[in-house]
Amino acid sequence: MFLSLWNYLKGYVIVEVSGYTLEKFMNLAIRHQNTFWNIKRKDGKIYLSTTIEGFKRLKPYAKKARCRMRIVEKRGLPFLTFRYRKRVMFSVGVFLFIGCIYLLSSFVWLVEVQGCERLNETEVIETLEESGYKAGKLKARLNLREAEQKLINTYPDIIWTGIKFEGTKLVVEISESVPKPTIHTENAPCHLVAKNDGLITYIATDKGMPGVKKGDTVKKGDILVSGSMQLGDEGGSLYLTHAKATVKAKTGYALEASMPLETVQKVYTNRVSTKCDLRLFDLKIPFLRSHTKEQYDDYDEVITVKQFKLTDQFPLPFYYEKEQKVEYTPYKQPINEESAKEKLYGTLYDALLKKLGDEAQVIYHEVVYSKDDNKLVAKLQAIVEEDISEALYLTPQEMMPQSEVEGENE
């Protein structure tokens, strides 16, 4: 790569050699250590690249081998400069363009975050911007290692982050920690408590001391089966176990949903207002406006923003912003009340089933409809029989003998 750049800066020519003794010419050129490259043979001729001085040194060997040499193409900066020597402004423009591209490539124009699953990408970008790592900053003044440490200190879920430059992009790669699951074994001491208010209809205990019986009313959080049991007769010591039981109860659910009794249908007209801007950061430069100056009462607004790029890795700080207002005429259409009731009923019943477990049974349900401001309101009342027990695992302090806990309090 560097050799090609050097040859371009120095200038080189592509030479065509023809004749009947091409092999003799090549042998003479190689024997005297002449410099040439990209040797190709086509249609009985040899094509090669060499420097300007190399072309002059090859002439005697071509004459000695009775071959003809001619320059097919001249390449490189010296020839380009000579060609445009009378076009000063063009040359100046080329160098200014190259200088502008080099200057723009020294800044960050886009921040991109990769690898976020639980974290919000926007929040990560805002955290970096608060620390000065944002679009418009000179790359040489950004300490990427400090930015990585900032993210790790701010977000405990990040176990590794790597920040690098890709052209004019600041690419942030993030690896999140795997949430540590709460592991409870079957031997871990626990109580069974009620997860809802209800009326006990059935209880079968495998382990633990039942605290309720059929027909009892319980509230959410009440202990149904205790994991604390007594050894032997009354007055014996207590031991802890993993409470296990099936406890069913009748519980009540109330759900509500609503929907309007009329809908608005949009019929779009042919009138569209278009506004286009070129944007540099917060500076907008208008360059295209539609001729219509009418104000629309009802319209949909569509905004398209596109960032200019040299390549995918070299975005520029220039944006094309197109704003369109598309007019429509609204028409109100009534909705059939019976179809609205059916839709609300299905929505509420599906929502109820999502709240219940697979073994739950809906004993009774009723939907009451009412109207409020041209809106249909549905209220679902349901009585369900379900297993309302859930495990409440004991803390290490709760598992300590009572005498030890009292000793610590003293």
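The values are calculated or read from the model by the stated rules, or taken from the named source; none is laboratory data. Every value quoted in this text rests on a predicted model; they were computed, and no experiment measured them. Cβ placement follows ideal geometry from the backbone for every residue including glycine, while neighbour counts extend to all protein chains displayed. Protein only, heavy atoms only, side chains kept; ligands, DNA and RNA dropped before computing areas. Shrake-Rupley method; radii C 1.70, N 1.55, O 1.52, S 1.80 Å.
How large is ³J(HN,Hα), in whole Hz, for each residue of the range 258-267 in order, when computed from phi with the Karplus curve 6.51 cos²θ - 1.76 cosθ + 1.60 and θ = phi - 60°, using x for Gly and Pro?
Values, residue by residue: 8, 7, x, 8, 8, 10, 9, 9, 9, 10 Hz.
Sum up the charges of everything whose Cβ sits under 9 Å from the Cβ of residue 328, counting Lys and Arg as +1 and Asp and Glu as -1, but leave residue 328 out.
Once positives and negatives cancel, what remains is -2.
How much net charge surrounds residue 303 when only the other residues with a Cβ under 9 Å from the Cβ of residue 303 are counted, with Lys and Arg +1 and Asp and Glu -1?
Details: positive: 322; negative: 301, 321, 323.
After counting each charged neighbour, the total is -2.
Expressed in whole Å with the largest first, what are the equivalent ellipsoid semi-axes of the range 46-136 derived from the C-alpha gyration tensor as the square root of 5 times each eigenvalue?
Working from the Cα gyration tensor, I get semi-axes of 55, 21, 9 Å.
Just report the Cα centroid separation between the range 349-376 and the range 28-60, whole Å.
After rounding, the separation between the Cα centres reads 90 Å.
Amide H of residue 244: which non-local residues (sequence gap of 5 or more, or other chain) have their own amide H closer than 5 Å, using H built in the peptide plane?
Amide H neighbours of residue 244, under 5 Å, 5+ apart: 206, 207, 208.
If you roll a 1.4 Å probe over the heavy atoms of the protein chains, what accessible area per residue do you get for the chain, in Å²? Could you put the intermediate results ahead of the total?
Numbers: 28100 Å² over 410 residues.
Accessible area per residue: 69 Å².
List the lysines whose Cα lies under 25 Å from the Cα of residue 306, skipping any in the same chain that are fewer than 8 positions away.
Output for residue 306: 134, 137, 139, 164, 169, 275, 284, 322, 325.
Sorting 98, 71, 158 by accessible area (1.4 Å probe), largest first, what list results?
Largest to smallest exposure gives the sequence 98, 71, 158.
So what are the ³J(HN,Hα) numbers for the range 222-228, from phi and the Karplus equation (6.51, -1.76, 1.60; θ = phi - 60°), rounded to whole Hz, Gly and Pro as x?
Whole-Hz 3J(HN,Hα) from phi for the range 222-228: 5, 6, 8, 9, 8, x, 9.
If you roll a 1.4 Å probe over the chain with all protein chains in place, what percent of the accessible area is carbon or sulfur?
52 percent
Ordering 6, 109, 37, 160 from largest to smallest accessible area (1.4 angstrom probe), what's the sequence?
Output order, biggest surface exposure first: 6, 160, 37, 109.
What is the antiparallel percent of DSSP beta bridges lying wholly in the range 56-173, to the nearest 5?
DSSP beta bridges in the range 56-173 are roughly 55 percent antiparallel.
Step through the residues of the range 355-362 one at a time and calculate ³J(HN,Hα) from phi using the Karplus curve (6.51 cos²θ - 1.76 cosθ + 1.60, θ = phi - 60°), rounding each to whole Hz and writing x for Gly and Pro.
6, 8, x, 5, 8, 6, 10, 7
Quick one: how many Å² of residue 32 are accessible to a 1.4 Å probe, rounded to 10?
100 Å²
Which residue, chosen from 48, 237, 388, occupies the Cα position most advanced towards the positive end of the dipole of the chain, where the dipole is computed from +1 (Lys, Arg) and -1 (Asp, Glu) charges on Cβ about the Cα centre?
With unit charges placed on the Cβ atoms, the residue in question is 48.
With a 1.4 Å probe and all protein chains in place, put 323, 73 in order of accessible area, largest first.
73, 323
Once amide H atoms are built 1.01 Å from N in the peptide plane, which residues 5 or more positions from residue 310, or in another chain, come under 5 Å H to H?
When sequence neighbours closer than 5 places are left aside, the close amide H contacts are 316.
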